[in-house]
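Accompanying notes for the structure given below.
The values are calculated or read from the model by the stated rules, or taken from the named source; none is laboratory data. On a predicted model such as this, the values are computed, not experimentally measured, just so you know. Reconstructed Cβ throughout: ideal geometry from the backbone, glycine too, with neighbour counts over all protein chains shown.
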2 protein chains.
Amino acid sequence: MVPTVKEIAKKANVSVATVSRALNDDTKVKEETRDLILSVAKELNYTPNIIARNFVKQKSNLIGLILPEISDEFFTEIIKGVDEIIYDEGFYTIVTSSHKYESLEDEIITFIRSGLLSGLILLVSDLKAQLKTVLLESHIPVVLIDSNPDIKKFDTISIDNYNASYKMTKYLITKKKYSTLTHITGPSENDDSLFRKTGFIDACKKYGAKYSVEEGDFTREGGLEACRKLLKQNTRPQVIFAANDMMAIGCYDQISRAGLKIPDDIGVVGFDDIFVSQYLTPPLTTVRVHIEDIGKKAADLLIKRIKNEITNSVLSVKATCELIFRKSC
Amino acid sequence: MVPTVKEIAKKANVSVATVSRALNDDTKVKEETRDLILSVAKELNYTPNIIARNFVKQKSNLIGLILPEISDEFFTEIIKGVDEIIYDEGFYTIVTSSHKYESLEDEIITFIRSGLLSGLILLVSDLKAQLKTVLLESHIPVVLIDSNPDIKKFDTISIDNYNASYKMTKYLITKKKYSTLTHITGPSENDDSLFRKTGFIDACKKYGAKYSVEEGDFTREGGLEACRKLLKQNTRPQVIFAANDMMAIGCYDQISRAGLKIPDDIGVVGFDDIFVSQYLTPPLTTVRVHIEDIGKKAADLLIKRIKNEITNSVLSVKATCELIFRKSC
DNA sequence: CTGTTAGCGCTTTCAG
DNA sequence: CTGAAAGCGCTAACAG
């Protein structure tokens, strides 16, 4: 049988209360008795029943991590980052995403209301009003991984999309001397997409380049299609800045079909620095996002909230990006 | 305040027992009272306290998923597959891996002994004796994702490394007419590695091809290094079969440095079909493993064990692989 | 079909 | 510093 505090108590001739105190060493217990209890515990090969502990404390050592539906190489990094931080605090991560029969919203609601969680990290692209309400009512700390800084009610870790996009565009214009640029966007309702676009446009205006914008959807096919439209026009841009690497790959496909060469005939740059990008021919110039860092920052913030170590109203942390220069422009 | 069964009971003028029964509809409750209870529950916006439920039942609705240290695109697929299956059963997945200060073993032990889990899926490359003991003593169902079929004590889902490797080798010899082949292995203690090697050798013997084996380590650098050795020899093989795609990429690097062309001067094939492989130049011929499927199968088996739906002693399921023919040989 | 009651293992007052 | 006792919310006998 699994040993309990009761058995330790009996064997050590003390009360369960003392055992509990000794085991959690929060209150003063005579060193002598504590040592005795600890040695008995060890002898019995005791491990606390976490479920019981969680129950009496009415809180758990679990935090939730909710990811979007589509799997993606980023997610492992995020999970890893989160897990690494919170594990040190004695917490574990429950990972879930949306499923067949339910909307992500319903799922999150069930998840939160289960009472299983002490905190939640939510990776979303847009947060519906109904969900906000549930999150707020849940009374557990929530950290968003999101690009929308206008969410003023939750702690947020975001990718610095705007600045990264701006910097890349500036680089293309001022260093690479491109004077006509086209940006292929992600889905219009996506915040990452929006900020990348805005950064691009602002930099083009600032540095006086001619630019255009083509709508994409973050998929390879979307990139291919957008690129096809571009190449059909009378004058094509000197360089394409795709809002993510997958679309840049679509551009590679289309440009090669059109018999054009990268970067001689047209430059291509991406955003994300996914694993494959370094292996493309030519290797893709892109923006690297420090994903694991985002997971760590989110976890760190969440833990601090859970432990009430922060009292500021709402924190918004930006994770920086890095320009990766390769051969595609 | 959060509503409890007690409050529902009071409001509905019944006992807490009846409330519990109605809510879990396992025993017969008069339809009328059940409807009443349900409506009161709804009115109070009641959700069961899962922690309390887990506590009284002395089991949880959580399963653990332990992954190796190194993150990898496979893991998202596995997590996804697992989560998808178990979510339907009202379970959640706790994902963890090894951390800074502890060995994976210690971690697993802590994890299991926490009492938090109803079952465990373990992705390991080799299972130490001590760990086996802990796993066996834990009395929770364990499913291994492992390639070693000689582990007779645990349910196992494994990649069919041997047959896939055999088939690929057979294809190279009989269809592609290669007569001298070299296999670059993974680490010698790794089971996947071992079976891939054995499949290769057996097929070479069976179909009468000349072969050699070079030791690798599943990394890109390892593949590059092994390939360098090969190319230094007086006669180089007609085709290299790398035990995974990452090493095949290393071969690409080295072959290109040596001024050789794939597949004209030398063929290269891999194993795994990682995302990048389709984008290499030339696209890599390789073996695709249905990863998400492995996660699903593991979860399915685990759930059945947890629910006692299987009484067989130990099950061993092989996940099949598929040959992917591209342009590298 | 329903109510009463005990109790899961642990922490936490409250006394001493 | 330590013990007694209550109780977290829920389920599961056991009666009725």
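When residue A:41 is tested against the conditions (1) touching a helix residue (DSSP H, G or I) at 6+ places or on another chain (Cβ under 6 Å); (2) within 16 Å of DNA strand C (Cβ to nearest atom); (3) within 8 Å of another protein chain (Cβ to nearest Cβ), the lone failure is (3). Flag: residue A:91 does not match the condition of being under 21 Å from residue B:97 (Cα atoms) and facing chain B (nearest Cβ under 9 Å).
Per-residue answers, yes or no, for (1) among the polar types (S, T, N, Q); (2) touching a residue at least 24 places away in the same chain (Cβ under 8 Å); (3) touching a helix residue (DSSP H, G or I) at 6+ places or on another chain (Cβ under 8 Å); (4) surrounded by 22 or more Cβ atoms within 10 Å (Cβ to Cβ):
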| residue | (1), (2), (3), (4) |
| --- | --- |
| A:136 | no, no, no, no |
| A:139 | no, no, no, no |
| A:161 | yes, yes, yes, yes |
| A:186 | no, yes, yes, yes |
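Taking (1) in a loop (DSSP other than H, G, I, E, B); (2) within 29 Å of the chain's Cα centre (by Cα) in turn, residue A:260 satisfies each apart from (2). Taking the conditions (1) among the charged types (D, E, K, R); (2) within 16 Å of DNA strand D (Cβ to nearest atom); (3) under 23 Å from residue A:67 (Cα atoms) in turn, residue B:43 satisfies each one other than (3).
For region B:133-168, which residues satisfy the criterion of being part of a loop (DSSP other than H, G, I, E, B) and of a type in the set (A, V, I, L, M)? Give the steps one after another, and end with the answer.
Restricting attention to region B:133-168, the residues satisfying the condition of being part of a loop (DSSP other than H, G, I, E, B) are B:139-141, B:146-154, B:160.
Listed by number, the residues that qualify are B:140, B:151.
Total residues in region A:35-54 satisfying the condition of being within 14 Å of residue A:10 (Cα to Cα) and part of a helix (DSSP H, G or I): the figure is 7.
Can you tell me which condition residue A:313 does not meet? The list is (1) at positive phi; (2) not assigned by TED's automatic domain parsing to the domain that holds residue A:226, and all the others hold. With respect to (1) at positive phi; (2) not assigned by TED's automatic domain parsing to the domain that holds residue A:226, residue A:313 is out only on (1). Considering every residue within region A:12-32, establish whether at least one is away from DNA strand C (no atom under 16 Å from the Cβ), in a helix (DSSP H, G or I) and surrounded by 21 or more Cβ atoms within 10 Å (Cβ to Cβ). No, region A:12-32 contains no residue that is away from DNA strand C (no atom under 16 Å from the Cβ), in a helix (DSSP H, G or I) and surrounded by 21 or more Cβ atoms within 10 Å (Cβ to Cβ).
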